[in-house]
Amino acid sequence: MNVVTLRKTQRIWFGCVAGLAVTLVFGWWYGLFAALLPMFVLTQIDRWNSGIIMQLIIAVAWVCIQVTLIVGFLQPYPLLMTLAVGLMLMFKCVAMTHKSTYLFGYIGLLIGSILLNFASFNGFDIEEFVMGLIASTLVTAPIVALALYLFPEPKISSPSALTAEPAATKSRSHVDNQRKDHLGMVRQALLGWLIAMAAFILFQVADLNDSLSAQASIFIVLTPMTLIGSLAVAKIRIIGTFLGCFAGMLIQLTLYTWSNNALLFLLAYAIAAWIFCRWLALGNIKAGIGFSAMSALTVPLTTSFIPEQQDAFFSICYRFSSIVVAVICTSLAIWITHHFLVRIIKAKPKEHSHHRGCA
């Protein structure tokens, strides 16, 4: 492992562990975001970038305001609520087709859909969830800053360092692989919007409690906004989820009766996270597997696992099975939608070629 990859691994690992430590100290029920958001940001940057941090905070705050208003005023009116949600999701999908606003759009699409799903259940306290989410987002900034300060990017001008740099930037953004022409951007925006709306309607109609993992998987597979990219992400998502779930089971079985010890729990999590964070630092396919594995490891251990009261074994098994089903169904839906859009939205024939044929 070269020094560039090592430092990036250390930063991502520190962000995950520090985020989880904060949730354990303050007892946040939805503290999974405090562990995953720093990881997400630190995979995108090697040096402090206030633009990305501000875009993340604004995206989370804005979508929380949007969903709170939509649910608060329009939930008794399903048709009006569906129209409002459709308009909101369309703006998010359009933002994802531009590199400068991709993060803003994707965070809004993912968090907004999760909020809308949870708000549909009776007894769900959306204010508590929103406050926990915003608190986790605000904590992300100092955690990222501390990680960059403790493990700075090495200043090396040797040829080996120059060749190592691209490895740290391979997985920066899926938008780099999207089409830049107007027709392609329209298809990509519509593809994302149609899948997002289908997911919204499904989770509103069906009683899919404890479906956070499956719902998140839909939008993770949708991330590239292209058919080929989504199919590739689908395979990576299943592999990474299996590895993360397996690591979560090992942690629970290893700690057993000592699982109520927060220090040992954090230590076991840190050991497992190091392997996946190294994959995240390597970029490309391994980064995708590492991201899926980290989310599969973190979510059950922070939402379902209660020491000496409730284990996470069945939650982990349910998580893996629901993700596999969601990924397969989403891939099929993207394939069908892609071919439908290709047939419906076609490029206009050039006029000069038409005149030549007439002549």
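The values are calculated or read from the model by the stated rules, or taken from the named source; none is laboratory data. The model shown is predicted, which means the values in this text are computed figures rather than measured ones. Here the Cβ positions follow ideal geometry from the backbone for every residue, glycine too, while neighbour counts run over all protein chains shown.
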Residue 225, sole failed condition from (1) surrounded by fewer than 23 Cβ atoms within 10 Å (Cβ to Cβ); (2) outside any helix (DSSP H, G or I):
(1)
What pairs come out if I take residues in the range 13-34 that are among the polar types (S, T, N, Q) and pair them with residues that are crowded, with 24+ Cβ neighbours inside 10 Å whose C-beta lies under 7 Å away, six or more apart or interchain?
23/31; 23/34; 23/35
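Report, by residue number, each residue of the range 275-293 that is more than 15 Å from residue 245 (Cα to Cα) and in contact (Cβ under 8 Å) with a residue 24 or more places away in the chain.
277, 278, 280, 281, 282, 283, 284, 285, 287, 288
Conditions (1) over 24 Å from residue 60 (Cβ atoms); (2) at pLDDT below 90; (3) part of a helix (DSSP H, G or I), marked per residue:
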| site | (1), (2), (3) |
| --- | --- |
| 141 | no, no, yes |
| 164 | yes, yes, yes |
| 196 | no, no, yes |
| 218 | no, yes, yes |
| 231 | yes, yes, yes |
Inside the range 83-104, can you point out the residues that are at pLDDT 95 or above and among the β-branched types (Val, Ile, Thr)?
85
Subset of the range 195-211 (residues that are buried (at least 20 other Cβ atoms within 10 Å of the Cβ) and aliphatic (A, V, I, L, M))
195, 196, 199
Go through the range 117-153 and count every residue that is among the aliphatic types (A, V, I, L, M) and in contact with a Ser or Thr (Cβ under 8 Å, 6 or more places away or on another chain).
2
Could you tell me how many of the residues in the range 244-278 are at pLDDT below 90 and among the aromatic types (Phe, Trp, Tyr)?
3
